[in-house]
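To start, the structure under review is shown below, and the notes come after it.
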């Protein structure tokens, strides 16, 4: 691999995650973009190009939603590009931002991710009726929750993981979210029993196993390392590894217990970052946690532990903010909310804030130097991975 | 005049060289009931890999598809992209944009040093869409614009009227674009809409969106196109006729229809960036042929002017003088353009680029120009948007 131009994160911002019917997607996008620019000490005029991430157009009912959002995201009158990998967009958009800078074409790139799910009626789930193969899947009238119930069951069965241990993830993340100013479903008093006794959705999935649909936006400002050294010399956080991978469309042909596509994406990112033993060299992680079992499965896919071992680490407290490997210190999707692409702010944004020592009450105790953020999407088949490092 | 108002935008240093080493494509047709979009893509992909002499499962580092959910009739179309390209368990991303924006993405992935071989795919299966104009209307602002209803191409009619008044271009000059492009299409076996029509016949076709006439609107078509791109040195090793992607720019204006001037600023700014990267100072003197978006006949003239190939209002005169024809000073849309090959939605940009590549490789058969070295392809994302891209190609 040729020598790559180095790219830094110099600012991040995000809106409150909640149902925000009174605001347009453009307004949400700009709120997040402005925060990120403010943190970087820049204005929109300084931005060379904009990358947008947003998931299905059907949530808003707007065709070519990226074009519609572009002035809100700061993309009007400049080069503007939208990338799209379903739920994986949250980490794919900053990867696209990375190649905009690393290619040498641009010095300062604004990455904005926006999602507005509340406008989908009666519920955002209705949009997911249109994600299936029209011949093989759609006649069965599948629903995402029961697909994930099958995957969760498979994961529990193959690795002999107990529901109680999985419930601990919801407890940890919803408690972590208490310290996040943007959180939608934080709960300082939640217990394992609350999760286990919550309303059944499609067993074994219960209500408190799932993250909530949400509205919100997040943004990052990326810059070449030279520019970053001038603008934010006190906090140089670079993107040292990027990786992404998609598996076959045919979900019935995949191993539902271990996410091989994620392991490949992670290996790509680690190789680029020069990481040989991720379990030791990664100090803080933000794996995608739309369901509590996904945090465990994604820790394993990220090669932070052996397959089936994440539940044990969670039980032992290793993944708490004061543990050896803090996981989802933001509160994750389970606690802060799941506005699909906009979870950028609690994945890459959170790792940046942790490494820049700007996470406030959420700051983890092990003074991390290297962190990893991951998102997961499409039809349980795609992952994107970013490794950040403090210099 | 806004023509020379804005400051130069600055494109930065260039990374590694990038070249196209393989192209594959299906036929283009107004309907393809016998093939799914996956089969169309597969056919184009197999041909592209054969052309490049590579094995997608062994040699390709990354795949890119250019698609929009609503054209495809899915939420999250990205799910359905990998298998027909050989992209399963590989890096793959959907660009919600035109094929040239996908090409820009591939360019950045290679020039950054991340990857050596990248595949870009775009397709149209627009014949599956039974409510085309309703779907286009959903791209309008849902509060201020979409409720006005009507066929969305009224926006093109309004813009054409404004363009004619601003530049002094005549309706006859726009009609002559159709005669030229449909005539060019007769020499392109890939173009289903070739015809010998006169400017008078175009002029007498009915006004659909006054002053836009029926024959001035590109008919929709299906098809798929796949490009294989490689890092420059590798490209020279793998291919005996690599075509270098020397410049690529893209630009978005405001999404608000009412706030845009009819000068296709998106094309001008995208071209500025691409010219700067490619080191082109005198486009008219240095380009041997161009392919521009002509989904509406007037757009060809407007785009040529935005690209700096004619002053505003002069493209039509150049056309009437024969300068843009096959034997002219600057052949434009020798492929037949969208008027001759069909409006391929997100694949339109790759269709324009395909013609440039075939010409630069000397493979354009009956429409081949004499030893061209540099060509330009330009795309526009269509009504109601102000987004476009420009790519500049050079023969090795």
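In table form, for the structure just shown:
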{"item": "Chain A, helix-only ellipticity at 222 nm - DSSP H runs n ≥ 4, -39,500 (n - 2.57), divided by all residues, nearest 500", "result": "-9000 deg cm²/dmol"}
{"item": "Nearest 10 degrees, 0 to 90: helix B:99-111 Cα axis against chain B principal axis", "result": "40"}
{"item": "At R0 = 35 Å, FRET efficiency that the Cβ-Cβ distance of residue B:259 and residue B:207 yields, to 0.05", "result": "0.85"}
{"item": "For chain A, built as a Gaussian network whose Cα springs stay under 10 Å, the top-fluctuating residue of A:155, A:293, A:352", "result": "A:155"}
{"item": "Cβ-derived FRET efficiency at R0 45 Å, residue A:125 paired with residue A:226, nearest 0.05", "result": "0.45"}
{"item": "Residues B:77, A:258, B:296, sorted so that the one with the fewest Cβ neighbours within 10 Å comes first", "result": "A:258, B:77, B:296"}
{"item": "Neighbouring partner chain Cβ atoms per residue of A:246-256, average, 10 Å criterion", "result": "4"}
{"item": "Footprinting exposure proxy for A:199, B:329, A:114, B:171 (fewest neighbouring C-beta atoms within 10 Å first)", "result": "A:199, B:329, B:171, A:114"}
{"item": "Top of A:130, A:283, A:180 by mean-square fluctuation, Gaussian network on chain A, Cα under 10 Å", "result": "A:130"}
{"item": "Fraction of antiparallel bridges per DSSP, chain A only, in percent to nearest 5", "result": "70"}
{"item": "Computed [θ] at 222 nm, helices only, for chain B once each DSSP H run of length n ≥ 4 contributes -39500 (n - 2.57)", "result": "-10000 deg cm²/dmol"}
{"item": "Average projected area [Cα convex hull, the protein assembly as shown], square nanometres", "result": "29.5"}
{"item": "Contour minus Cα-Cα distance for residue A:27 and residue A:162 (0.36 nm per residue)", "result": "44.3 nm"}
{"item": "Burial ordering of A:65, A:276, B:213, A:312, fewest other beta-carbon atoms within 10 Å first", "result": "A:276, A:312, B:213, A:65"}
{"item": "GNM result for chain A, Cα springs below 10 Å: residue of A:347, A:260, A:64 fluctuating most strongly", "result": "A:64"}
{"item": "Degrees separating the helix B:348-360 axis from the principal Cα axis of chain B, which is the longest one", "result": "70"}
{"item": "Using alpha-carbon coordinates, inclination of helix B:265-278 to the longest axis of chain B, degrees", "result": "40"}
{"item": "Spin-label model distance (nm) - residue A:193 vs residue B:240, 7 Å beyond Cα toward Cβ", "result": "8.0"}
{"item": "Approximate spin-label separation residue A:279-residue B:368, in nm, with each point projected 7 Å along Cα-to-Cβ", "result": "6.2"}
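Every number here is computed from the coordinates shown, using simple stated rules; none is lab data. What you see is a predicted model; the values in this text were computed from it and never measured. When we count neighbours, we look across all protein chains shown, and the Cβ atoms used for this are built from the backbone with ideal geometry, even at glycine.
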